[in-house]
Structures are given as structure tokens and as C-alpha cells.
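Where a number appears in this text, it was derived from the coordinates with a stated rule and is not lab data. None of these values were measured; they are calculated from a predicted model. Reconstructed Cβ throughout: ideal geometry from the backbone, glycine too, with neighbour counts over all protein chains shown.
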Amino acid sequence: MKKIKKFMMTLTMVAFMFGLANIGSVKVQAASPSIDKSVTYNLYKGQVGFGSVWVRNPVTNAKITGLKNSNSKVIEVTASEDASYPHLEIKLVGEGTTKISFQYAGKTLTQKITVRKYKNPCKLLKIGKTNYAKCFNKSGHYNHNKRTKNVTGKITIKPKKGWKLKKIEVFNIFDGVKKVKNNSKVTLSIKGTGTGLYAYFKNTKTGVVQRLELGYGRGGFKTGENIYD
């Protein structure tokens, strides 16, 4: 009986050590370098657009080589020489789609890039008595700063022809992200870093989704400022 117990204890210890070995092997496995599979950029009228592609999980001393761009009429792309933060620097040239690829740490990384002209999808974006729709004619991000009080009112959004309103969200650092229904009551608060209101529109023909962002707060930024991001 003692021999059987001793054998079972030995078997248990072997299984336990095998489990620890497996856990250890999982921990030492490094994540593989990667980039986003696809990205979309907006072209803004009168603005020169730029972007970047960052390699996640970089490898020490590895470099970007063999960079290729299938359509130079869409973007110009160069590889940074900074091995500590490997990335590509992109300059937007024109509308269209291109595919970039390069070698890094023995892997071939690829990304599809789409560049499109920005279009304001919103016919009406009204909060209380104020209509913000025209604020998005230049870009999809508009900051309404140097506010001194909260705004509470009914939000009414109407998309332009060819677009469909998908959802509305409000973000505040204290309250997190909350979904808002169209034609309902909404509050833009100045507490903390202020409030971000996000409206998402989908083009019914192309399926492209355009997000509009209204920043509202008491920050030291310029008020009535379009952001080109």
C-alpha cells in the first residue's frame, strides 16, 4: 500500500512539474512583429496629409528592408532609420488604394492603404439651439474649446443623401463612453478634460464609415478649430 501511495505521489509531482514547464514555455514566447492589415486616410482640402506605420513587437537590431509601394500616385513612403522604433513615414499624394510590403526580422509584412477625399456626411447636427453641421466642412474633428458651462439639450442628427447614421457616442473621462439615441437629451460637460461627442456615418454606396468628433471643453486650445487627424 505504501509503495502504491509513493508511486502516486511521484506521478503527481511529475505531472505538476510538466505543467510548470509548459507555463514557463508560454511565458518566454515573444510576440511576433506585426502591423495593421489595412488603414484608411483622409485627404483634406488645402492640407498636406501624413501618416505612419509602426511595427509592433520590434526585434533588437532588426531593420526594415525591401520596402515596396504598389501605387506611388496614392502615397510616398520611406522607412525610418531608427532601429529602436521601426516605422514607415507616409505622405499622402492622391485618392486611391495601394499596397505596401517590407521585410523585417525574417518576416514579410504587408498593409493595404486607402486614401480618400474627406466629405462631410452630416446635413444637421443640432444640440439644443446650435447646429454644428457646418463645423465639419473642413475635417471630421472640430474642437469647441474655452467653454465656461455645460450644455444640455436635445441632439438631432440628419445625414446627407447617400449616408446613414450608424451610432452616436459621448465620452467623458469620469463617465466613460455612453451610447446616445438620436433625438434624445445629451449633456456636453466641461468637467475633467471635457466631453467628446462622436457620430458615425456609413456611405450607403461604398460602405465607408466616417466619424465626426466634436470636442467640447474648457481647455487652452483655440476655440473653433478643425483638427486634421
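Figures for the structure shown
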read-out: Per-residue HN-Hα couplings for region 53-59 [Karplus 6.51, -1.76, 1.60; θ = phi - 60°; Hz; x = Gly/Pro]; value: 10, 9, 7, 7, 6, x, 10
read-out: Helix-only [θ]222 nm of the chain, DSSP H runs n ≥ 4, -39500 (n - 2.57) each, per residue, nearest 500; value: -4000 deg cm²/dmol
read-out: Cα-centre dipole for region 38-117 with unit charges at Cβ (Lys and Arg positive, Asp and Glu negative), debye to 20; value: 340
read-out: Cleavage-rule hits (GluC sites (Glu not before Pro)) in region 37-92: DSSP loop, at most 15 neighbouring Cβ within 10 angstrom; value: Glu81
read-out: Low-density loop cleavage sites - trypsin sites (Lys or Arg not before Pro) in region 181-227, where at most 12 other Cβ are within 10 Å (DSSP); value: Lys181, Lys205, Lys222
read-out: Sparse-neighbourhood loop sites, trypsin sites (Lys or Arg not before Pro) in region 81-166 - DSSP loop, at most 12 other Cβ within 10 angstrom; value: Lys129, Lys149, Lys161
read-out: Karplus-derived HN-Hα couplings along region 165-172 (A = 6.51, B = -1.76, C = 1.60, θ = phi - 60°), whole Hz, x at Gly and Pro; value: 6, 8, 6, 10, 9, 10, 10, 9
read-out: Additional length obtainable on full extension of the chain from Ala62 to Lys154, 0.36 nm per residue less Cα span; value: 27.7 nm
read-out: Two-site label geometry, Lys91 and Ser34: point separation in nm, points 7 Å out along Cα→Cβ; value: 3.2
read-out: Only Lys, Arg (+1) and Asp, Glu (-1) charged, at Cβ; the chain dipole about Cα centre in debye; value: 1400
read-out: Listed candidates (1) 25; (2) 47; (3) 17 - label of the one calculated as percent of Cα pairs over 31 Å apart; value: (2)
read-out: Sequence-distant residues sharing a close amide H with Glu225 (under 5 Å, placed H); value: Asn143, Asn145
read-out: Per-selection metrics, region 47-102 (Cα): Rg and Dmax in Å; value: 11.9, 36
read-out: Relative contact order (%) - criterion: Cα under 8 Å, at least six apart; region: the chain; value: 16
read-out: Relative contact order [Cα under 8 Å, 6+ residues apart], region 104-229, whole percent; value: 30
read-out: Estimated distance in nm for a label pair at Lys164 and Val209, the labels positioned 7 Å out from Cα along Cα-to-Cβ; value: 1.3
read-out: Contour excess over end-to-end distance, with Cα ends at Thr130 and Lys112 and 0.36 nm allotted per residue; value: 2.5 nm
